[in-house]
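Enquirer: Dropping a structure here in structure tokens format, bear with me for questions.
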Amino acid sequence: MALTDRENYLRCARFEGPEWIPSAIHISAGSWYEYGEEMEEVVLRHPGTWPGYTKGDGPRTAEKSRTDEHEHFTDSWGCTWEQALDGLEGIVKDPPLADWSAMDGFTPPDPATHGARHPHDWEAALGGIARAKAEGRLATGGLEHGHFLMRLYYLRGFENLMMDIATDEPRLHELVAMVEGFSAEFVRRYVEAGVDVMGFPEDLGTQTSSIISPAMFAKWVTPSYSRLMKPCRDAGILVHMHTDGYVMNIMDELLGAGVDIINPQDLVNGIDALEREVKGRACIRLDIDRQSVMPFGEPSGVRELVEEEVRKLGGAEGGLMLLAGIYPPTPPRNVDALASAFEEFRTWWSDGRG
């Protein structure tokens, strides 16, 4: 009997021999704005990659996120964001704790009612988890993107936080405990709900290095990560960690903190480096290139990239998943090539070709 998507995902993550390589392609609102009908033609040609897609879904979803240029909003922590381009992440313009004097009387949002950016409906969230479990689908929970290190610099400002870390600013310890405590309540509730996978997403790397040194990461980040991930590990819940940027120099810290599934970018970290240093230690949910091959390459190069990654990072035991985010100016023809490559190589390691 064929495995369900949930069973196959879990077997892949646990190196228990999946029947196929789990894969997904997420098209950003920005790409829907840019390519519209042409992008939709690609999606409709690949129902296996976008199951349940109905004509018009993408453009309708994108339209809901359309904003006025330079729109501002204030999140649950009091950080004011500016979003300059529709469908793409904005930046924090006014860190509320840029001056430490603002810490006096500062209180975090209430995790019973709010996420990091918006109000959070726990009844709806837990209801969705219960339905997923009842229907045999993968049940997931997760913190909001930028839940820890990024949240610290959203609150303090990037340069201020770097100086805090470099000088061992005493008040930073208080802020770390506050940010960690907020996330801990989310972890507790999702663990109690019995999710299969818990996500811890944020971006920790630049193009060439981690944002802070491995030594500073071990001091300021790893302890909080470890405490947040431990309840998941104790309950047998898989820990999924997303991070953009180069993170090979802190990979040991991430895996040591308790990560089961690591979601790194491929070319910035290096396929060979990932094969040498991560393969077999954690499941690699590989983020397919979005800086060169996908936006500017040819369809043949897209296929060659996927084949190389499947051959080098996959195996019959599992441990490889494929994920792609599509952003402007990636042309629809390359998205088509990517979906075709995912379909071609999805059973490479289970049908005798590998």
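The values are calculated or read from the model by the stated rules, or taken from the named source; none is laboratory data. Predicted, not measured: the structure shown is a model, and the values here were computed from it. Cβ sites come from the backbone with ideal geometry, for glycine too, and all protein chains shown count toward neighbours.
Enquirer: Could you please let me know if S76 is in contact with a His (Cβ under 7 Å, 6 or more places away or on another chain) and either surrounded by fewer than 15 Cβ atoms within 10 Å (Cβ to Cβ) or among the small types (G, A, S) (or both)?
Expert: Against the criterion (in contact with a His (Cβ under 7 Å, 6 or more places away or on another chain) and either surrounded by fewer than 15 Cβ atoms within 10 Å (Cβ to Cβ) or among the small types (G, A, S) (or both)), S76 qualifies.
Enquirer: Being touching a residue at least 24 places away in the same chain (Cβ under 8 Å), closer than 30 Å to T222 by Cβ and of a type in the set (A, V, I, L, M) narrows it down to one of L305, L255, so name that one.
Expert: The match here is L255.
Enquirer: Out of L286, L204, L228, L255, report the one residue that is within 14 Å of the chain's Cα centre (by Cα) and within 25 Å of A177 (Cβ to Cβ).
Expert: L204
Enquirer: Looking at A112, A24, A98, can you tell me which residue is closer than 26 Å to A341 by Cβ, surrounded by fewer than 18 Cβ atoms within 10 Å (Cβ to Cβ) and of a type in the set (G, A, S)?
Expert: A24
Enquirer: Identify all residues within segment 40-65 that are under 23 Å from the mean Cα position of the chain (by Cα), surrounded by 15 or more Cβ atoms within 10 Å (Cβ to Cβ) and closer than 28 Å to L320 by Cα; write none if there are none.
Expert: V43, T49, W50, G58
Enquirer: Give the number of residues within segment 1-39 that are of a type outside the set (V, I, T), part of a loop (DSSP other than H, G, I, E, B) and touching a residue at least 12 places away in the same chain (Cβ under 8 Å).
Expert: Result for segment 1-39: 11.
Enquirer: Continuing with the same structure: So which of S292, S350, S300, S340 is in the same structural domain as P18 (by TED's automatic domain parsing) and in contact with a His (Cβ under 8 Å, 6 or more places away or on another chain)?
Expert: S340
Enquirer: Please find, among G146, G141, G136, the residue that is in the same structural domain as D244 (by TED's automatic domain parsing), under 24 Å from M229 (Cα atoms), part of a loop (DSSP other than H, G, I, E, B) and among the small types (G, A, S).
Expert: G146
Enquirer: Would you mind stating whether G315 is out of contact with any strand residue (DSSP E or B) (no Cβ under 9 Å at 6 or more places or on another chain) and surrounded by fewer than 20 Cβ atoms within 10 Å (Cβ to Cβ)?
Expert: Considered against the rule, which asks whether it is out of contact with any strand residue (DSSP E or B) (no Cβ under 9 Å at 6 or more places or on another chain) and surrounded by fewer than 20 Cβ atoms within 10 Å (Cβ to Cβ), G315 comes out as no.
Enquirer: Just give me the residues in segment 200-223 being crowded, with 21+ Cβ neighbours inside 10 Å and out of contact with any strand residue (DSSP E or B) (no Cβ under 7 Å at 6 or more places or on another chain), in sequence order.
Expert: Hits for segment 200-223 are S210, V221.
Enquirer: Please determine, by comparing only the residues of segment 125-138 that are small (G, A, S) and more than 26 Å from V179 (Cβ to Cβ), which one is surrounded by the most Cβ atoms within 10 Å (Cβ to Cβ).
Expert: Checked segment 125-138; the qualifying residue surrounded by the most Cβ atoms within 10 Å (Cβ to Cβ) is A132.
Enquirer: Sticking with this one: Within segment 82-115, can you find the residues that are aliphatic (A, V, I, L, M) and either at pLDDT 95 or above or outside any loop (DSSP other than H, G, I, E, B) (or both)?
Expert: I91, V92, L97, A98, A102, M103, A112
Enquirer: Another question, if that's okay. Before we move on, is K230 in the same structural domain as L138 (by TED's automatic domain parsing), closer than 22 Å to E159 by Cβ and of a type in the set (D, E, K, R)?
Expert: no
Enquirer: State which residue pairs qualify: first residue without any contact (Cβ under 8 Å) to a residue 40 or more places away in the chain and inside segment 335-354, second residue not in a loop (DSSP other than H, G, I, E, B) in any location, beta carbons under 6 Å apart, and separation of 6 or more residues or different chains.
Expert: Here the result reads A337/P299; A337/V302; A337/R303; A341/R303; A341/V306, each pair linking segment 335-354 to a residue that is not in a loop (DSSP other than H, G, I, E, B).
Enquirer: Residues that are among the aromatic types (F, W, Y): find the helices (runs of 4 or more DSSP H) completely inside segment 248-354 holding 2 or more of those.
Expert: So the answer is 332-345.
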